[in-house]
Amino acid sequence: MAGEDDEEIRSLFDELVNLKPAELERWLGSEESKAAGQHSGGGESTGHESGRRIVALLRTKKGDLSEDDYAHMRKVVGYIRRHLAQRPDGDIRETRWRYSLMNWGHDPLKD
């Protein structure tokens, strides 16, 4: 993703993040969401924290986005792309793999 400008990153972010802000907020409140992902020191997982940031980004007007916002969008795009490439075999409906992706704003069942 090096070399992609802010406009390209915003486009990729909008394409890959397929949960609407209210959907993502509801998901983040679930026990499945809180249990998914890597937890450092027993606290909130990286993905769960990112999900809260994604909700804010989705509600931010394009002209109000900072360089830090675009940096987080790059992180989100990279995570979703890498995670999708590791799709497990079989039914993914109730898997930690899907739940982790959903914390990052992407539900693979919506594709």
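The values are calculated or read from the model by the stated rules, or taken from the named source; none is laboratory data. The model shown is predicted, which means the values in this text are computed figures rather than measured ones. In this analysis, Cβ positions are derived from the backbone assuming ideal geometry, glycine residues included, and neighbour counts consider all displayed protein chains. What goes into the accessible areas is simple: the full protein's heavy atoms, side chains included, and nothing from ligands, DNA or RNA. Shrake-Rupley method; radii C 1.70, N 1.55, O 1.52, S 1.80 Å.
For Ala85 and Ala22, FRET efficiency with R0 = 30 Å and r from the beta-carbon atoms, rounded to 0.05?
Efficiency, rounded to the nearest 0.05: 0.60.
What percentages make up the Cα-Cα pair-distance distribution of the chain when the bins are 5 Å wide from 0?
Result, from short to long distances: 2, 12, 24, 24, 20, 11, 5, 1, 0 percent.
When the chain is treated as a GNM, springs tying every alpha-carbon pair under 10 Å, which of Ala85, Ala71, Ala56 comes out with the largest mean-square fluctuation?
Comparing Ala85, Ala71, Ala56 in the GNM, the peak value goes to Ala85.
GNM on the chain, C-alpha springs below 10 Å: top fluctuator among Gly29, Gly51, Gly90?
Ranking Gly29, Gly51, Gly90 by mean-square fluctuation puts Gly90 first.
Could you run the Karplus curve 6.51 cos²θ - 1.76 cosθ + 1.60 with θ = phi - 60° over the range 60-75 and give me ³J(HN,Hα) per residue in whole Hz, x for Gly and Pro?
Values, residue by residue: 9, 5, 3, x, 9, 6, 9, 4, 5, 4, 5, 4, 5, 4, 4, 4 Hz.
Counting only protein chains, not ligands or nucleic acids, how are Tyr70, Tyr79 ordered by accessible area (probe 1.4 Å), most first? Each step should come with its number before you reach the end.
Values: Tyr70 15, Tyr79 40 Å².
Largest to smallest exposure gives the sequence Tyr79, Tyr70.
How large is the helix-only mean residue ellipticity at 222 nm for the chain, computed as the sum of -39500 (n - 2.57) over DSSP H runs with n ≥ 4, divided by its residue count, in deg cm²/dmol to the nearest 500? Before the final figure, lay out each step's value.
On the way: 6 runs with 63 residues, N = 111.
Result for the chain, helices only: -17000 deg cm²/dmol.
Which of Lys20/Lys110; Lys34/Lys61; Lys62/Lys110; Lys20/Lys61 have a Cα-Cα distance over 22 Å?
In this structure, Lys34/Lys61; Lys62/Lys110 lie more than 22 Å apart at Cα.
If you average the sequence gap of Cα pairs under 8 Å that are 6 or more apart and divide by the length of the chain, what percent do you get for the contact order? List each step's numbers first, then the result.
Values: 110 pairs, mean separation 44.8, N = 111.
Relative contact order comes out at 40 percent.
Run the accessible area of the chain with a 1.4 Å probe and give the carbon-and-sulfur part as a rounded percent.
After summing per-atom areas, the C and S share lands at 46 percent.
Heavy-atom accessible area per residue, the chain, 1.4 Å probe: how many Å²?
58
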